[in-house]
Structures are given as C-alpha cells and as structure tokens.
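The values are calculated or read from the model by the stated rules, or taken from the named source; none is laboratory data. The structure presented is a predicted model; accordingly, all values stated were derived computationally and were not measured. Virtual Cβ from ideal backbone geometry, glycine too; neighbours counted across all protein chains shown.
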Amino acid sequence: MLFPASSTSCSASGRPVPVLVLHGGAGTLTRGAITPEQQARYRGALNDILLAGQALLARGAEALDVVTETVRLLEECPLFNAGRGAVYTADARHELDACVMRGSDLAAGAVAGVTRLRNPVLAARAVLASASPVLLIGEGAERFAIERGCETVAPEWFDTPERLAQLHSVQAARGAAAALDHDAQNLLAAQAPAPLDERAKMGTVGAVALDAQGHLAAATSTGGVTNKLPGRVGDSPLVGAGNYANDRTVAVSCTGMGEAFIRGMAAYDVSALIEYAGLSLADACRRVVHDKLPPLGGRGGLIAVDAQGRIALPFNTEGMYRGWARPGQPPVVAIYADEDDRSPA
C-alpha cells in the first residue's frame, strides 16, 4: 500500500512528523485457514509493538534506537520467524540473520548464521557501533557480540512445536527442497489447524523509522526458510538487498524470496530510483515490487519511509503483516491485501 504526502506527514512547523513502520513478513494468508482468535493474536502483537515504538518516537528517541527495539520485540514474539519461533534448517537447527542501518552516515551492522544470540538485531547493532566490520558471520559474530554484552541462550530456546512440524512436513513431502515460512503450512493444512496455519508466508520481520530530528533508520531480522541448507544466507542481513537507510532518500526493509531480492538489490534500488531517477517514493516502490522483482521470482514486499515522512507498504502477494504509527495517532495494523491500511487498528 502506498501513501502520498498528506497533512498527517508534516507538523504545523512544516517538519516531517516522526513515523514508525513495521512488517512481520509477506505472503498469501488464507482467512479460512486461521481462526478469528489466531488472527487477533497477530494483530494484537503488531499493535502492542507499534505502541512501544510510538512511545519511543514521542519521547524524541533516535530512529536507529526505535527500529532496533521494534525488531527486538518482534524477535521475542514466537508468532514471527525471527528470534524465538525461527524456522529450522535441514539439519533441525536455527541460523539467524539481522541487519541495522543508520541513514545519517550510512553506518550499518549485520550478523548472519548465528545460533546462540537471543536477539540477533542487538548483535547487528553492536557491529554497527564498532565502526569497523559491517557483516560478521557464525561463531565469529557470536564471539564479537558476547564480548559486547549481548545475551546468549541455548539453541533450544528458539524452538517451537509449530516450526518443527513445518520442518517434518517439508522433509516428508519435498526431501531436500526448502520452503518459505509458511509455505510448509500448506502441507499441514489438511491435518489440523495451527496458530501458524498460513499460506505462502515469507518469514522476516523489519522496521523503518523517521525521527523528530529528520533521521532515517532500518532494521531487519529473520530465521530464513524452512529446511534451508545450513549456511544459506538470504537478503535480510545484506545492506542494499534486504535492508537500507539513507537520510537523503529512504529507509527500506524487505520480506520475500531472498535470492531474488539479492539479485535485484531491492532495498537500494528504491533509494537509487528516488535519488537518480527522481521518482516519488510511491513510484520507486511500485517499480521495484511490481515490475522488477516478479520476473526474478521475487514474491514478497517491503516497507519504506522517505525523508519527508511519506510511507509505503507495497507487496505483490495476497497479504503482508504490516503496520505503522505516528505520535499522537492510533496505530494502523493490517494483514490482508483488501484491508485499508489507513484505518485505525
């Protein structure tokens, strides 16, 4: 969904009003396969996390702090494929990825393939703060984060019964083939309803924000895809592919078929279309999500906020967990494509 400039994006002084936008993954979500109570859990979780981020913005918090905390809260919620509740690799383990980026100076930090860090987004933030590497992987990333005070957990802390059932169903039906979260739930739908019983759901979480000082930031975190090859890395921790922020243009967090978003450099392409081609936020996002990505097999979507406080939440699937909030206004939460994002949650 795309939003042009409006009276809600600028204050009486003419400065952009701070705004937080989040997503919990894009995909085809079938109303018939999920109960009203289960839908309410997702909407409630998104709304509560938006309220927490909204409060930070209202207190004048920096955009980087807001998106980091928003994604940390999403990682703590087992409904989403990031942190606790992450999907399993082919060898029944969890490998987690995350990235954060600050628009004021293009500083970025990312981790990939971590297995013991409770909140990968905090590890990515620690990498950014070091001002040296941009991306660390595996055990090296974990040692770096632990030295800087990031909390560790046993790998089993990330486990949930629903994700394990996904893995077993995919392995039984497809062997070595991987499946996006929750493509695997198609294989379970005929068995019994489940809290994660959705169709073709791409599992990533992310947040973008504009703060009161006019700075942008983006954060993205994921558990990857069910039954993925150990060591596989998607777009989420890659600057310019799944995550990007630049005060001159836009902050972007992507969700979808990671390999296509990498090949298309989706997040940076939105920025480049604004900066070099002079496109509006709406046109740049539309060009990437609806024109560029589909020929590459790029099902999914993204969230974006530009330097003027305009927001966009486009996707080329039938739904995307999404929401946004500005200080002093009711948060907006939506799941399905036919919902009006501009209605209060």
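Is it the case that region 228-245 has a residue that's crowded, with 19+ Cβ neighbours inside 10 Å, on the phi < 0 side of the Ramachandran plot, touching a Gly at 6+ places or on another chain (Cβ under 9 Å) and at pLDDT below 95?
Checking region 228-245: at least one residue is crowded, with 19+ Cβ neighbours inside 10 Å, on the phi < 0 side of the Ramachandran plot, touching a Gly at 6+ places or on another chain (Cβ under 9 Å) and at pLDDT below 95.
Just one of Thr28, Thr68 is modelled with pLDDT under 95, surrounded by 16 or more Cβ atoms within 10 Å (Cβ to Cβ) and β-branched (Val, Ile, Thr); which is it?
From the options Thr28, Thr68, the qualifying one is Thr28.
For residues that are buried (at least 20 other Cβ atoms within 10 Å of the Cβ) and out of contact with any helix residue (DSSP H, G or I) (no Cβ under 6 Å at 6 or more places or on another chain), scanning just region 263-284, find the one that is farthest from Ala219 (Cα to Cα).
So, considering only residues that are buried (at least 20 other Cβ atoms within 10 Å of the Cβ) and out of contact with any helix residue (DSSP H, G or I) (no Cβ under 6 Å at 6 or more places or on another chain), the one farthest from Ala219 (Cα to Cα) is Leu281.
Listed here are the residues, each with its yes/no results for (1) under 28 Å from Ala129 (Cα atoms); (2) under 15 Å from the mean Cα position of the chain (by Cα); (3) not in a strand (DSSP E or B).
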{"site": "Ala45", "(1), (2), (3)": "no, yes, yes"}
{"site": "Ala55", "(1), (2), (3)": "yes, no, yes"}
{"site": "Gly60", "(1), (2), (3)": "yes, no, yes"}
{"site": "Asp65", "(1), (2), (3)": "yes, no, yes"}
{"site": "Leu73", "(1), (2), (3)": "yes, yes, yes"}
{"site": "Ala86", "(1), (2), (3)": "yes, yes, yes"}
{"site": "Asp105", "(1), (2), (3)": "yes, no, yes"}
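Just one of (1) more than 15 Å from Ala86 (Cα to Cα); (2) at pLDDT below 95 trips up Asp183, so point out which.
Among (1) more than 15 Å from Ala86 (Cα to Cα); (2) at pLDDT below 95, Asp183 violates only (1).
For residues in region 231-264 being of a type in the set (Gly, Ala, Ser) and assigned to a loop (DSSP other than H, G, I, E, B), which is farthest from the chain's Cα centre (by Cα)?
Gly231
What single numbered condition from (1) within 14 Å of Met101 (Cα to Cα); (2) in contact (Cβ under 8 Å) with a residue 40 or more places away in the chain; (3) crowded, with 24+ Cβ neighbours inside 10 Å; (4) not polar (S, T, N, Q) fails to hold for Ile303?
Every listed condition holds for Ile303 apart from (1).
Kindly indicate whether Val100 is at pLDDT 95 or above, buried (at least 24 other Cβ atoms within 10 Å of the Cβ), in contact with a Lys or Arg (Cβ under 9 Å, 6 or more places away or on another chain) and closer than 21 Å to Ala217 by Cα.
Details: at pLDDT 95 or above: yes; buried (at least 24 other Cβ atoms within 10 Å of the Cβ): yes; in contact with a Lys or Arg (Cβ under 9 Å, 6 or more places away or on another chain): yes; closer than 21 Å to Ala217 by Cα: yes.
Here the answer is yes, as Val100 does meet what is asked.
For region 72-85, state whether one or more residues are among the polar types (S, T, N, Q) and over 21 Å from Ala241 (Cβ atoms). Talk me through it step by step, then tell me what you get.
Here is the first cut: in region 72-85, the residues among the polar types (S, T, N, Q) are 81.
Cutting the leftovers down to over 21 Å from Ala241 (Cβ atoms) gives us none.
No, every residue in region 72-85 fails to be among the polar types (S, T, N, Q) and over 21 Å from Ala241 (Cβ atoms).
Would you check if Thr89 is among the hydroxyl-bearing types (Ser, Thr, Tyr), buried (at least 20 other Cβ atoms within 10 Å of the Cβ) and more than 28 Å from Gln329 (Cα to Cα)?
Taking the combined requirement at face value, the residue satisfies it.
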